[in-house]
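First comes the structure, then the notes that go with it.
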Amino acid sequence: MAELIKINENTWRFEDDGVRFFLLCGNDRAALIDTGMNTPDARKTAEQLTNLPLILINTHADRDHISGNTGFEEFYMSPAEEENYRESGGKGTILPVKEGDVIDLGERPLRIIDNPGHTPGSIAILDEKYRVLIAGDSVQDGNIFMFGKYRSIETYIDSLKKLSKYDGTYDEIYAMHGTIPVKPDLIGKLIEGASQIASGMATGTKVNLFGNDVLLYKFPYAGFLCEDK
Ligand SMILES: [Zn+2]
C-alpha cells in the first residue's frame, strides 16, 4: 500500500516502493499522474481523497508506473507509448495526447509536453498554476534507465534540450524517483551527462540489474543505466 503525503490543499503524492505518483485536484476534476508499481487500487485510494471525477494521465508505460491502470477503462497517454504499454500487459483505451494539448482540471490547466527518449511516448506535464513540471522518469536524481529496446539517449538529449522553451514557467520539478522536488537546473546537468555518454567520453561501471548486465554512469547529480555494448 502506497504511503500518501499531502503536498498542498490540492496535491498529493503517493510513495510506492521507490516510485511515486501524484493526485492533482482542480475545481472540476482530479487527475492521477501515473498509478505506481504496487498499487492496483490506486483509483480507490485517490477517490478517498477527493469527490471530484477522476481521470488518469500516464507519463509513460514502464511497469512501475501503471499498476493501478486496471481501475480505469480509459486514460491519457502518448500514442507512441502504446507498444510499450501493451507489452507490459496494459489494458484499456488510450486517449492520445501530444505536445501542446491542455487538460484542464478546472482552473488548473495541465500542459502536455512530448519528452521521448527514456521511452518513445514519455511525456512531461506542466502544472501551470502551481508552476511545477512533472517529468516522468526523464528528470530525476536517481539512476535513469536507458537500457532496453525502447530507450534512446540521443532522443532523450534532444527532448531535454527542447524543454528549455518552458524555462521560467515552473520553479520545481516533481520526479517519479529520487529526491522531490528537484530544481530546474538539473536538466542542464542531465544533458551534459547524457551527452558525455552518447559521445563515448564517460566511463561506466558494470552492474547486474534484474539479470541484465548494464553499465552505470554515475555523476554527482544522477546516474544513467545503459546498455553494455
Ligand atoms: Zn520509473
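Some observations on this one:
- Label-point separation, residue 149 to residue 131 (7 Å along Cα→Cβ), nm: 4.4 nm
- Between the range 175-205 and the range 53-125, the alpha-carbon center distance in angstrom: 23 Å
- Amide H to amide H distances under 5 Å link residue 99 with 114, where only residues 5 or more positions off or on other chains count and H is placed in the peptide plane.
- The angle between the Cα long axis of helix 153-162 and the longest principal axis of the Cα atoms of the chain comes to about 60 degrees, rounded to the nearest 10.
- Among the trypsin sites (Lys or Arg not before Pro) within the range 111-150, those in coil by DSSP and having at most 12 neighbouring Cβ atoms inside 10 Å are 131, 149.
- Relative exposure of 145, 14, 210, judged by other C-beta atoms within 10 Å (fewest first): 210, 145, 14
- Charge tally around residue 67: other residues with Cβ under 14 Å, Lys/Arg +1 each, Asp/Glu -1 each, net -2.
- Net length gained if the chain between residue 203 and residue 229 were fully extended (0.36 nm per residue, minus Cα distance): 8.1 nm
- Paramagnetic label zone (point 7 Å from Cα along Cα-to-C-beta, residue 91; backbone N under 19 Å) in the range 19-42: 35-42
- The chain: angle of helix 186-198 to the longest principal axis, Cα-based, in degrees nearest 10: 40 degrees
- Within the listed set 106, 68, 121, the residue fluctuating most in the Gaussian network model of the chain (springs between alpha-carbon atoms under 10 angstrom) is 106.
- Under 5 Å between amide hydrogens, built in the peptide plane, is the criterion, and for residue 104 it picks out 110 among residues at least 5 positions away or on other chains.
- Computed about its Cα centre, the charge dipole of the range 171-229 is approximately 160 debye, with only Lys, Arg, Asp and Glu carrying charge at their Cβ.
- Computed FRET value (nearest 0.05) for residue 70 with residue 102, which takes r as the C-beta separation and R₀ as 25 Å: 0.40
- Of 149/218; 91/206; 91/229; 162/189, those spanning more than 24 Å from alpha-carbon to alpha-carbon: 91/206; 91/229
- As a proxy for reagent exposure, ranking 72, 219, 21 by other Cβ atoms within 10 Å from fewest up yields 219, 72, 21.
- Separation of alpha-carbon centers, the range 208-229 and the range 26-46, rounded to whole Å: 30 Å
- Overall Cα dimensions of the chain - principal axes, largest extent first, Å: 51, 38, 30
- When DSSP beta bridges are restricted to pairs lying wholly in the chain, around 70% turn out antiparallel.
- Summing charges over neighbours of residue 39, with a neighbour being any other residue whose Cβ is under 14 Å away from its Cβ, gives -3 when K and R count +1 and D and E count -1.
- Neighbour-limited loop hits for trypsin sites (Lys or Arg not before Pro), the range 43-99 (at most 11 other Cβ within 10 Å; DSSP other than H, G, I, E, B): 91
None of the figures in this text is laboratory data; all of them are computed from the coordinates on show. Being a predicted model, the structure only gives us computed values, none of them experimental. Glycine gets a Cβ as well: all are built from the backbone with ideal geometry, and neighbour counts include every protein chain shown.
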